[in-house]
1. Of the residues that make up region 68-90, is at least one aliphatic (A, V, I, L, M), more than 16 Å from the ligand (Cβ to nearest atom) and farther than 27 Å from residue 199 by Cβ?
2. Report yes if some residue within region 207-214 is open to solvent by less than 20 Å² (accessible area, probe 1.4 Å) and over 20 Å from the mean Cα position of the chain (by Cα); otherwise report no.
3. Looking at residue 176, is it at pLDDT 95 or above and touching a strand residue (DSSP E or B) at 6+ places or on another chain (Cβ under 9 Å)?
4. Determine whether residue 129 is open to solvent by 30 Å² or more (accessible area, probe 1.4 Å) and in contact with a strand residue (DSSP E or B) (Cβ under 6 Å, 6 or more places away or on another chain).
5. Out of the residues in region 26-76 that are among the β-branched types (Val, Ile, Thr) and open to solvent by 20 Å² or more (accessible area, probe 1.4 Å), which is farthest from residue 116 (Cα to Cα)?
6. Among the helices (runs of 4 or more DSSP H) contained in region 172-249, which hold 1 or more residues that are within 15 Å of the ligand (Cβ to nearest atom) and charged (D, E, K, R)?
7. I'm told residue 212 meets every condition in (1) more than 19 Å from residue 175 (Cα to Cα); (2) touching a residue at least 12 places away in the same chain (Cβ under 8 Å) except one. Can you identify the failing condition by its number?
Amino acid sequence: MKYSTDTSGIFTRFDMEIEVTRRSIRRISSDFALQAIADCVADGDEEKTEEAVKEALEQKDPLEIIHEGLIPGMNEVSRLWDEGVYFLPQVILSSDAMMAGIKLCEQKLGKPLKKKGKIITHTAEGDIHDIGQSIVNALLNADGFEVINLGTDVPIDVVVEACLAHKPIMLTGTALMTTTMSAFPKIAAKLKSMNFNIPFVCGGGAVNEEFVTGFDLGIWGKEASQAPAMAGDILEGAHWQELRSKWNG
Ligand code: B12
């Protein structure tokens, strides 16, 4: 019998690898409790985030904890994602940790946090590839938007009806297959025919700039991390054409 002689992994100090990532989390507050909360979020540790938030709530204002601890922690995660240090599991875990912390703060406040604006996200009809959409959801949530997540394989009419019912400031779509991306121009045409001209940001491996800018309302989203900034532009009054000329070539 032949045994593997590859011993390269034996002496790997995994705790030291964690340290490398830890060191890349920037210092965001001189306040010990707020920094600890941001670190717990960036570590994606929901339980520790809750503990740290509960402790901080004994002395601090819930809004301060959200805006100076939880959200900056998630912003670090977005940065590390952009830099290729973090991958999807970390982004999702951190988003869950941040949301758990926000929930505790909202309980203390006695009311839900005022959101910046509603955004509907979906993955195209016939398509179950939702990893890109999950990142978009996590980053938008982290930036304070209310995300109405329609999920995957969403029929065209369901997307249109949801837009009419919720009146979001922006719609997003993700498609990973050449067979499913054709849903996007159909959705855009239906919205346009009803004079509901909201920016429709489409991304996913199947689509490219040429395809998405080929129909009215369409703006191509290359990276999930663009979504919060695009939504921010809409809040400042940008129309779909302005958004397209800013973000697409
Ligand atoms: C993972 C995967 C799966 C997983 C999906 C798990 C899940 N929950 O998503 C599983 C195994 C289930 C799967 C199934 C299938 N898959 Co598949 N899959 C993949 C794979 C390997 C990776 C896709 C992925 O998640 N990429 C990572 C994410 C992060 O990328 P992304 O979604 O594009 O998002 C990025 C950007 O596009 C952007 N973005 C995305 N959305 C948005 C939105 C906004 C607003 C913005 C701003 C940005 C943005 O942001 C992200 C980066 O920051 C690809 C191959 C590949 N290398 O791409 C094949 C691939 C997509 N699959 C393919 C196929 C064919 C299938 C199946 C039909 C296989 C089968 N015969 O059963 C089924 C599909 C079933 C269905 N009805 O959907 C084909 C599609 C071919 C085509 N062109 O049509 C591919 C390309 C593989 C191939 N080379 O053939 N698959």
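1. Looking through region 68-90, at least one residue is aliphatic (A, V, I, L, M), more than 16 Å from the ligand (Cβ to nearest atom) and farther than 27 Å from residue 199 by Cβ.
2. Looking through region 207-214, at least one residue is open to solvent by less than 20 Å² (accessible area, probe 1.4 Å) and over 20 Å from the mean Cα position of the chain (by Cα).
3. yes
4. no
5. Applying the filter and picking the extreme gives 28.
6. 209-212, 226-235, 240-247
7. Going through the list (1) more than 19 Å from residue 175 (Cα to Cα); (2) touching a residue at least 12 places away in the same chain (Cβ under 8 Å), residue 212 breaks only (1).
This table checks each residue for (1) more than 16 Å from the ligand (Cβ to nearest atom); (2) more than 11 Å from the chain's Cα centre (by Cα); (3) at pLDDT 95 or above.
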{"site": "103", "(1), (2), (3)": "yes, yes, no"}
{"site": "118", "(1), (2), (3)": "no, yes, yes"}
{"site": "122", "(1), (2), (3)": "no, yes, yes"}
{"site": "133", "(1), (2), (3)": "no, no, no"}
{"site": "142", "(1), (2), (3)": "no, no, no"}
{"site": "145", "(1), (2), (3)": "no, no, no"}
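The values are calculated or read from the model by the stated rules, or taken from the named source; none is laboratory data. Here the structure is a predicted model, which means the values were calculated and not measured. Note that we place each Cβ from the backbone using ideal geometry, even for glycine, and neighbour counts take in every protein chain shown. When the accessible area is computed, the model is the full protein with side chains, heavy atoms only, and any ligands, DNA or RNA have been set aside. Shrake-Rupley method; radii C 1.70, N 1.55, O 1.52, S 1.80 Å.
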